[in-house]
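Below is one structure, written out as structure tokens, with a few remarks after it.
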Amino acid sequence: MAVMHQNRKNNILLGQNNNALTWLIILNAVAFVIVYFIKIVYYFSYQDAPHTNAEFLFQHNVLDWLTLPADFSKLASRPWTLVTYMFTHGSILQLISTTLWLWGFGYILQDLAGNSKLIPLYLYGGLVGGLFFLLAVHIFPGLSHQLQNVQPFITGSASVMAVAVGTTFLSPGYRIFPMINGGIPLWIFTSIFIIIEYATIATTNGGYAIGHLGGGLVGVLFIHQLRRGHDWGAWMTNFVTWVDNVFNPEKKQVKENIKQKLFYKAAKKPFVKKAVITQQRVDELLDKINQKGYHFLTDEEKDFLKKASEQDMYL
């Protein structure tokens, strides 16, 4: 692990190709720009129309078809809102809050577990958070009795909660801002995030709070299963790879190296194969850590990195 911390240059950069964090931020930003552009069109189209409320029309004709409704009858006619709500934001402040917290926790998660875990965790957190919201507004009497007045679930806050809690559960002692007394533990940073989130939604309704709780629960379960060797996001990664191969048939497929075999019998091995420590090999393993996580290295690769760290292999 020493090599991984020494070689910070190999960390995934925000603008790097196929960076899951970059794509999530872009999707949220582009969705906001499109929705806000439509909102501006509504205002200009109906600003001179008497007895016409442009804000109400925009809410009814556009936003209600993207946000998650509390009423199951409405959800039945627009089931896609269970996904679209987590990329929809009603204001620029909501977008900034989502992307900033996502960038902070998402970057750390990529550093610890690899690039392929972020998007599945984001989606799982949003889906389960949405389901918890729906159950809450129908189970608790204080919400179910005024179902028509419950605001739709909006923003990717439940998804970010899953990423934040999952990252913290993976490594609560991870330190940020090392210039401040050796760094601030990640669990403190997460606690501040949770306090701010719940203080913000306290003025809305309890369904939002339960939805965020569901997202946090997904973060814990996702990392717990990952530690046991069960990657809940593997099928998503495999599906995206399959689609990419279908639409890019000319793409070169990387074949696995076949291990050398000895075809003669002997009491002991004629030679012992020792890996030559080179900077190129170190870089390849660091890239593998960035993409999949340290736990996916073989014992031989871990030993290689350990020997490289002992020889001070720096970039």
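The values are calculated or read from the model by the stated rules, or taken from the named source; none is laboratory data. Since we're looking at a predicted model, the values are computed, not measured. Accessible surface areas use protein heavy atoms only, side chains included; no ligands, DNA or RNA. Shrake-Rupley method; radii C 1.70, N 1.55, O 1.52, S 1.80 Å.
How compact and how long is the range 104-174, expressed as Rg and Dmax of its alpha-carbon atoms in Å?
For the range 104-174, the Cα-based Rg and Dmax read 15.2, 46 Å.
Could you tell me which of rounded, prolate or oblate describes the range 27-152, using a ≥ b ≥ c as the square roots of the eigenvalues of the alpha-carbon gyration tensor, with rounded for a/c under 1.5 and, failing that, prolate when a/b is larger than b/c and oblate otherwise? Don't jump to the answer; show the numbers that get you there.
Working: a/c = 2.57, a/b = 1.30, b/c = 1.97.
Taking the square roots of the gyration eigenvalues as a ≥ b ≥ c, the range 27-152 is oblate.
With viscosity set to 0.890 mPa s at 25 °C, what whole-number translational diffusion coefficient in µm²/s follows for the range 24-93 from Stokes-Einstein and a Kirkwood radius over Cα pairs?
188
Keeping all protein chains in place, calculate the accessible area per residue for the range 125-202 (probe 1.4 angstrom), answer in Å².
For the range 125-202, the solvent-accessible area averages 48 Å² per residue.
Once neighbouring chains are kept in place and the probe is 1.4 Å, which whole percent of the accessible area of the range 51-186 is contributed by carbon and sulfur?
70
For the range 25-49 and the range 98-147, write down the distance between their C-alpha centroids in whole Å.
If we compute the Cα centre of each part, the gap is 25 Å.
Would you kindly find the accessible area of Arg227, with a 1.4 Å probe and non-protein molecules such as ligands, DNA and RNA excluded, rounding to the nearest 10 Å²?
130
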